[in-house]
Structure formats: C-alpha cells, structure tokens
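Shown next, in structure tokens, is the structure this report addresses.
The values are calculated or read from the model by the stated rules, or taken from the named source; none is laboratory data. All values derive from a computational prediction rather than experimental measurement. Here Cβ is always computed from backbone atoms with ideal geometry, including for glycine, and neighbour counts include all displayed protein chains. For the accessible areas, the whole protein counts, side chains as well, though only heavy atoms, and no ligand, DNA or RNA atoms are used. Shrake-Rupley method; radii C 1.70, N 1.55, O 1.52, S 1.80 Å.
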Amino acid sequence: MKEIYVLVALTLIYSFNYFDRLLMSLLMPLMKNDIKLTDTQFGLLSGVFFVVIYATAGIPISRLADRGNRKTILSIGFLFWSIVTALTGFVHSFWQLAVTRFLMGVGEATGTPVSSSLIPDLFDVKKRPLAFSVMISGTSISSLLLTPLAGHIAQVYGWRQVYWLSGVTGFLLALVILLTVREPIRGRFEAPVDTNNKRKTFAESTSFLLKSRSYIYICISASLFIISFYGYIVWGTTFLVRVHHLDVAYIAKVFGPIGGICGLAGGLLSGPIMSQLTRRDERWAIWLPCLCISVYGVSQYVYIAASSLYVIFATSAVSIFSVTMLVPLISVLLTRIIPVEIRTFGMATYFLINSLLGDMIGPLAVGYLNDRFSSAFGSEAIRYSLAITALLSLFSVPVFLLAGRYLGKDIEASTRWSRSESVPA
C-alpha cells in the first residue's frame, strides 16, 4: 500500500506542476489588460523566462537527487514553487512577473525528473507503464478539477485570487508529502549495480547519454513535437477568445473537463495498450508513440481550421488523448535506456533538451508571429501562427522512427554500464 500512497502523492505533485506552470495561459486574456502585455512579452514569460532556469536548474538538482534523498528534494521544490505561485498574485508589471516566472522555474525543476526517478524504484518492470500512466494523469486532474474552478474564480473574483488559492493549497499539500512519504530503496528492482554514485562523474554520465543514439533521437523528436504542443497549450485559451469569441470561464468549464476526461483515458490506456502490442511485436514500443504523434498533428490542423465548436471540441479531445498516451510511452522507453545510477540525471537532461528546444521556442514563436501577422490578419493572426508551429509535430515522426534502429543495442549498453562494464563507442 505504501507504493500506492507514494504514487498518489507523485500524481498530485505532477498535477500542480502542470497547473501552476500553465495557469498564466488560462488567465492571460485577463492578465494582459491588467499588466499591459504584448503577445511577444507573453511568449517570453510563458517560454523563455520560465524555461531557461527550469531546464538548467534540473541538471544540478538531478545530480543531487541521484545521490541524496529524492523525496525531500521533491517536497522542498513543491513548497518553493507554491510560495512563488502565491506571490504571482501580487505582481503589477512585466518585470515583476518575469521574476516570479524565473523563480517558479527553479522550484518546478525538481518535479518531473525526480518523480520519474522514483517510480522505477516503486514498481517492477511489468507495472511501470501503468504507474507512469497514473502519474501523467495528474494533468487530467488539473484539467478536470482545477482548471474549471480557476476559470470560475478568475471570471468572478479576478485572476489574482486564483494564484493565491493555488499557492496556499500546494504549500499545504507539499508539507503533508514531506512529512508522510518515505524514500524508496534505489535500484530495488534492477540487477545488481555499482551503487557508488560518486564513481559516475558528470563527464562519464554525459558521455554515456551522447553515445546512446536512441536517446538522442528521442530527445530531438520530442523537442520538435513539444514546440507544436506547448504553443497550442500556452495559446489555446487566447485562440478561443480571439477567434471564436469565448470567455475564460466558458473555456475553463468546457475544455477543462474535455481535457481531463480524455487525458485520463489516454494516460491510463497507454500502459495496457503498449503491453498488449509489444507482446506481438517489440517494435510497437516505437510505432505506438509515432502513431500518437501523427494523430495529434492531423487533429491540430482540423482544430485550427474549424469554424464549428463541435469540431473544435472533438479535435481537442483527440489531441489531448494522443498526447497523454504518448508521454508515459516515452518515459518507459527512457527508463530502459538510462542506467539506474544516473536515471534522474538522464531524465533531467531529456527535459533540458525538450525545454530549450521545445517549451521555449513554441510559445515565443507563436507570440512573435501573432505580432507580425496582426496587421494583415487581425484577430485571425493566431490561427496562422499555430498552423506553422503545428507542422513540426509531423516532422518529429521520422526522427522518432530512427530511434527504433538503435533501441535494442542501447538497452543492452545501459545494462552493461550499470554493471560497471565498459560501453563500446
């Protein structure tokens, strides 16, 4: 039962990690008038100012987590970003908001890499796909419960109250997790490994990852995909307000549950579907993620071009379903090709590459294109901006397929390295 309790805690942390980070995207139409932001400034705040520190801080934090108590590091990070979330409700200028986004990135850098390192030590190989799926379902909890509530509060009471309430709630939850969750045994389900982490230097760890071609291709493919996805997530509310003239409360009330239900279905079905397919053919470990990306890319173009709200509802549902199915599939793949001694570091490096190439470029690119296209297309400019970034998700499919060529060899290399054997170049 203790494993289930920890998994529930990790899922709640993942939920607030996702919600607090993207809260500004939901509230942007209200914040923009209050703080006087241009689209380019909003792109900088949602992307660059958050992502640069979020990505880079993850590396030293992961090195610390690979040696120390991961539960404590994760809980302290949750406490810190919850405090910063509450402080965001007091900002009155672009630069004040930039500081809070910067500090939030420091705290949230502890979230996903450390959580992804804990799960393999809680559940064996057969249960891990489902465990990762459950943790990823935290985004569905955010969409299903937190987003509609936030939209209602923002519309009735103001956007600042949403930040205050979210920060205080997260702070109290982080305290409970810090005091009640125990650190699992590292490498519990792995073959005997060299547990002297100090022998694995930063240079050795980085060198191993660079030699893993499947790891490199997965990182590049995921980054291309995230440029498209993060642009859609950050600018989704603004798109619906400008193009379809919906208000924030309605968007949160309708699209929140759509994302929550479809995200929960995609996340929970991901593991069982993968298990069934890979029993027939191991290549489905690569094919299924590629299928998810392709479905997402096509649905995005229908979503962007649609004039009917019913079509937008349907394509939004398909997009979220395919993304939440994809995320745990990639996480499981990465845990197979990253040695246990550097698993947190490997996951943090993956998120670093994703963030610098994906999270940072996506929102900023859409914001910049909006400002450039606005004179020609007016409020419709965002439709063309999203269409350009969406194209990159389709480009990511052939790159992901390249990872499959080296997957088996890289899994063997990971096992040998954990046993302190040399890895051939």
Give the number of residues within segment 248-282 that are open to solvent by 30 Å² or more (accessible area, probe 1.4 Å) and touching a Pro at 6+ places or on another chain (Cβ under 7 Å). 3
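Can you confirm whether Asp20 is crowded, with 23+ Cβ neighbours inside 10 Å, over 21 Å from Ala150 (Cα atoms) and not β-branched (Val, Ile, Thr)?
The answer is no for Asp20.
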Of all the helices (runs of 4 or more DSSP H) wholly in segment 234-343, which have at least 1 residues that are under 22 Å from Gly362 (Cα atoms) and at pLDDT below 90? 248-280, 309-337
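Table: residues versus (1) in contact with a Leu (Cβ under 9 Å, 6 or more places away or on another chain); (2) in a helix (DSSP H, G or I).
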residue	(1), (2)
Phe132	yes, yes
Met135	yes, yes
Ser140	yes, yes
Leu145	no, yes
Ser166	yes, yes
Phe171	yes, yes
Val176	no, yes
Arg186	no, no
Quick one: in segment 211-243, which of the residues that are open to solvent by 30 Å² or more (accessible area, probe 1.4 Å) and of a type outside the set (A, V, I, L, M, F, W, C) is nearest to the chain's Cα centre (by Cα)? Tyr217
If you go through Ala403, Ala381, Ala387, the only one that is open to solvent by less than 60 Å² (accessible area, probe 1.4 Å) and farther than 25 Å from Pro289 by Cα is Ala381
Filtering segment 40-72 for residues that are open to solvent by 10 Å² or more (accessible area, probe 1.4 Å), part of a helix (DSSP H, G or I) and touching a residue at least 40 places away in the same chain (Cβ under 8 Å) leaves a count of 15
Quick test of your reading of the structure: Gly358 fulfils all but one of (1) modelled with pLDDT of 90 or more; (2) small (Gly, Ala, Ser); (3) under 19 Å from the mean Cα position of the chain (by Cα). Name the failing condition by number. (1)
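Can you confirm whether Ala305 is farther than 23 Å from Met24 by Cα and open to solvent by less than 10 Å² (accessible area, probe 1.4 Å)?
no
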